[in-house]
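Just so it is clear, none of the values below were taken in a lab; they were calculated from the coordinates. Quick caveat: nothing in here was measured; it's all calculated off a predicted structure.
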Amino acid sequence: MPASVEVPTQPGAPAPEPPRRPSVGTRLISLVGELCIIAGAVIGLYVVWQLFYTDIVADREQAEVVDNLDWAYTGPITAGEGADDGPLVIPAELRLSPDTAPVMDEPAFGETFATFYVPRWGTDYVKPISEGVTRTEILDVLGIGHYPDTGMPGALGNFAISAHRTTYGKPFNRIAELQDGDALVVQTEEAWYVYRMTDDLIVQPTQVEVIAPNPYDDAAAPDSHYITLTTCHPMFSAAERYIVHGELEYWAPTGNGVPPEILEEIPQP
């Protein structure tokens, strides 16, 4: 094997320059760029988690809550053609006056005491209603929360509830699609309550009079059996509140079928 040969440097040739190290400024700019890329990736993952993963988890958890209520109706939501097909509809004679509606005591914080059906949002829409409106314990986990110290279902006064419009199962995501006269149906262990939407409005977060016993005159005594839905507005913002009001049309005891309203197939936009 031949020995290696050292090539002599030409006389007078300049010595090779050592490689230059990047300046402090260049290294700083490179570091900032890398940090921006990492931050962008983290923010992107957070947005995906907020908009999609929280919905998947919350939908599953809320469905389990409903399934664990042994009195809650979770059967077929579409009536069949024959007498034995589909659920039994509550007879007209058992659809009773709001003035005779039973009113349960306000439950403990976090207790799930009702379910909510909105035909406008699809025949498969059913969500639990629980006591309280805190984000961590109620809205992010259980879906729809009841404002403490407002009326209970069927009460003379205002049954006020709140839910997310985006993320965490977004129970009120389609609230802006509701129209006057739409059914808003609540079930408790004892009774069904069928409300009808009367109006909607957008307010500032400080306008708490919308959940007063008389939402149209917070200085007056309650004069009807109201329901109020509240959520954030506009989408992906908490700058304002979107409000829907309704009034109780009738109630019926549980165990005698389901309200015909939740069987209605309303054309979707």
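Before moving on, here are some points about what is shown:
- Amide H contacts of Ile144: Ser130, each under 5 Å away and 5 or more positions distant or on a separate chain (H built 1.01 Å from N in the peptide plane; Pro and chain starts excluded).
- At full extension, Asp124 and Glu106 could sit 3.7 nm farther apart than now, given 0.36 nm per residue minus the alpha carbon distance.
- Cα centroid separation, segment 205-262 to segment 94-117: 14 Å.
- Compactness of segment 130-240, taken as the C-alpha radius of gyration over 2.2 N^0.38 Å, stands at 1.03.
- Directionally averaged projected area (convex hull, Cα atoms, segment 51-263), nm²: 11.5 nm²
- Across segment 170-184, coupling constants 3J(HN,Hα) worked out from phi with the 6.51/-1.76/1.60 Karplus curve, θ = phi - 60°, read 5, x, 9, 4, 9, 4, 5, 7, 5, 10, 3, x, 5, 7, 10 Hz, and Gly and Pro carry x.
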